[in-house]
Amino acid sequence: MTSDEASRAAGLVREARSLFVLTGAGVSAESGVPTFRGDGGLWKEHRPEDLATPGAFRRDPRLVWEWYGWRRTRVARAAPNPGHRALARLALLRPGVTLVTQNVDALHEEALHEEALHEEAHREVAERGEVPDELRPIHLHGSLFRTRCTGCARGSSHSEAVDASSEASLPRCHACGELLRPDVVWFGESLPPAVLERSFEAAGRAEVALVVGTSAAVQPAASLPLATLEAGGDLIEVNPDPTPLSGRASVRLRGPAGTVLPDLVERVLEGR
Ligand code: OAD
């Protein structure tokens, strides 16, 4: 990344009244959360059809819960990195930022909460342990810390450890007694329509799409920045490696999010 590219990107972000941010697993990599497709990626070691499809859950809910339990433990040990914190500062300090993530961790929320404690305008909400509502990230692919009932579809927060030693010990719905499943989007499933609609609306309204740490291999998430481009906006990509979106980007910031984003956000906020 040259300082020319960084200052061009900062100029675009600074001038945009509306900014759409799309993140993927790469933004959490420096927190120790594995990505999916890179070296050591989850889909290099496991087959998605064994662990992340409705059929896999029907065949062997114990195995699926064991894997999600392991991911929960990994993520619960992780802390936001400077990339999450920079995005949080940007969202807290300037209006018009919509953050959409493909990640099922809660590291964006944690960073927003931590950074909000330092900001007069948001401190009261943060001291209640909350994230300002309008800044809450949109989770395209659900959350590791929520469950959904396979019977009545009721969703709820759920962060307790899951005993996956037998099918009988798996969590069940208090209302109807059916098995609870992780509230994440699996292969072969559609994204919740309202979530998708809000995301496309924000992408289409934005003058700049900042796309961070995603291989842009999974649809419809990968098409969201195209909505910004189609409406005449610019795309900025933050990723150490090229992706299918790179050719459409006005600026490519090649480097890890934990280094690139703090520099970018500092430039935006300081007007450099
Ligand atoms: P991937 O694992 O496909 O891609 C991670 C991207 O992050 C790659 O392009 C890396 O080059 C980049 N990367 C790695 N380290 C980085 C760093 N420190 N800073 C910035 N970028 C870095 O992850 P996603 O694109 O998020 O879906 O994958 C999309 C979806 O595929 C996931 O949400 C998941 C998966 O199947 C579901 O589970 C539905």
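Each residue in region 170-180 was checked for being open to solvent by 40 Å² or more (accessible area, probe 1.4 Å), not basic (K, R) and not in a loop (DSSP other than H, G, I, E, B), and 0 of them qualify. Residues in region 76-125 that are small (G, A, S) and touching a Lys or Arg at 6+ places or on another chain (Cβ under 8 Å) were compared, and the one that is farthest from L144 (Cα to Cα) is G96. Only residues that are over 27 Å from T150 (Cβ atoms), away from the ligand (no atom under 12 Å from the Cβ), assigned to a helix (DSSP H, G or I) and open to solvent by less than 40 Å² (accessible area, probe 1.4 Å) were counted in region 13-60, giving 1. The set of residues in region 214-228 being in contact with a strand residue (DSSP E or B) (Cβ under 6 Å, 6 or more places away or on another chain) and either more than 13 Å from the ligand (Cβ to nearest atom) or not hydrophobic (A, V, I, L, M, F, W, C) (or both) consists of P225, T228.
Would you call R71 in a helix (DSSP H, G or I), modelled with pLDDT of 95 or more and not β-branched (V, I, T)? When the stated conditions are applied, R71 does not pass them.
For beta carbons closer than 6 Å, sequence separation of 6+ or different chains, a first residue in region 201-215 that is closer than 23 Å to G38 by Cα and a second that is at pLDDT below 95 and open to solvent by 10 Å² or more (accessible area, probe 1.4 Å), the qualifying pairs are S215/R37. Is there a residue being part of a helix (DSSP H, G or I), within 11 Å of the ligand (Cβ to nearest atom) and closer than 30 Å to E207 by Cβ anywhere in region 75-82? Yes.
The values are calculated or read from the model by the stated rules, or taken from the named source; none is laboratory data. Fair warning: this is a prediction, and the values are worked out from it, not measured in the lab. For neighbour counting, all protein chains shown are included, and Cβ atoms are generated from backbone atoms with ideal geometry for every residue, glycine included. Note: areas computed on protein heavy atoms with side chains; ligands, DNA, RNA excluded. Shrake-Rupley method; radii C 1.70, N 1.55, O 1.52, S 1.80 Å.
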